[in-house]
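Okay, structure first, notes after.
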Amino acid sequence: MIAVLTADLIDSSRYDKQALAVIIKSLKEEFNQITKETNEQTHFSLFRGDSFQGIVKDPSQALTIALRLKATVAKAQLDTTKSKAMMPYGNVRIAIGIGEGDYAPDNILTSNGEAFILSGRSLDGMKKQQKKMSFLSSNEELNNELLVSFSFLDSATDRWSVASSEVIYYLLKSLKEQQIADILDRSQAAINLRKKAASWDEIQLLLTRFNHLIKTYSNGR
């Protein structure tokens, strides 16, 4: 069993060329970083210029990785003279599908299987429903439990500023507040405030629950 992330940049047609280049560069760098951190257990591919697909061999980590990619897009700085308190320039729509799947790491886009179908189907319906994050498996009970949680995620991430996106990004990499403060040259108190504003405690609880649910689901199949 694997997780497949299928995603596209929201309203990318309004991005100017330079902005799109900055965001795509940030995503590519993050793809490489995640692949390295997971010992080649994840694989990503860009397509159509504003979309990407990723495979996560450990499906319990899919939501953490999806949020890292969301934070990567949100924290991308296009103009370093502007305040980080502003809302992000870019946003991304990500659908997580979990199930069986066959794939070649060097050619993800020709891969197929249940996880790919579920992820693609979920993404197709997200624009009409105005969703930013979604989850789909073949288990309706699991889908129903996570439906409300993913609605909460949309509400929380829609409030992220560039500054809070940076903090969430590093928290998702398991850094401590003081480590993040050192990287961003801010006080620990400032990092704590940004963390709270971004609903990190609630997101962390959801990540723990997601990890447990997916491991239980995977072991039961």
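Coordinate-derived values only; no laboratory data. As the structure is a prediction and not an experimental result, all values here were calculated from the model. Every residue, glycine among them, receives a Cβ derived from its backbone with ideal geometry; neighbour counts consider all protein chains shown.
Quick notes
- Among the listed pairs LYS127/LYS196; LYS28/LYS84; LYS57/LYS215; LYS57/LYS127, a Cα-Cα separation exceeding 19 Å is found for LYS127/LYS196; LYS28/LYS84; LYS57/LYS127.
- Compared with the dominant Cα axis of the chain, that is its longest principal axis, helix 140-157 is turned about 20°.
- Choice from GLN204, GLN129, GLN33 with maximal GNM fluctuation in the chain (Cα, 10 Å cutoff): GLN129
- The length gained by stretching the chain between LYS28 and GLU100 to full extension, at 0.36 nm per residue less their Cα-Cα distance, is 23.3 nm.
- C-alpha long axis of helix 200-219 to longest principal axis of the chain, angle in °: 20
- Ellipticity at 222 nm from helices only: DSSP H runs of n ≥ 4 in the chain, each -39500 (n - 2.57), divided by the residue count, give -17500 deg cm²/dmol.
- Remark on ASN91: its backbone amide H falls under 5 Å from those of ILE10, a criterion applied only to residues 5 or more positions apart or on other chains, H modelled at 1.01 Å from N.
- The alpha-carbon atoms of segment 2-219 define a convex hull whose volume equals 118 cubic angstrom per residue.
- Between helix 188-197 and the chain: long-axis angle, C-alpha atoms, 0 to 90°, nearest 10: 50
- Sequence ranges 165-176, 191-202, 58-69, 73-84, ranked by mean other-Cβ count within 10 angstrom, highest first: 58-69, 165-176, 191-202, 73-84
- Too-long pairs where the Cα-Cα distance tops 18 Å, listed order kept, from LYS75/LYS195; LYS70/LYS173; LYS17/LYS128; LYS132/LYS176: LYS17/LYS128; LYS132/LYS176
- Label-point separation, GLU37 to LYS196 (7 Å along Cα→Cβ), nm: 2.6
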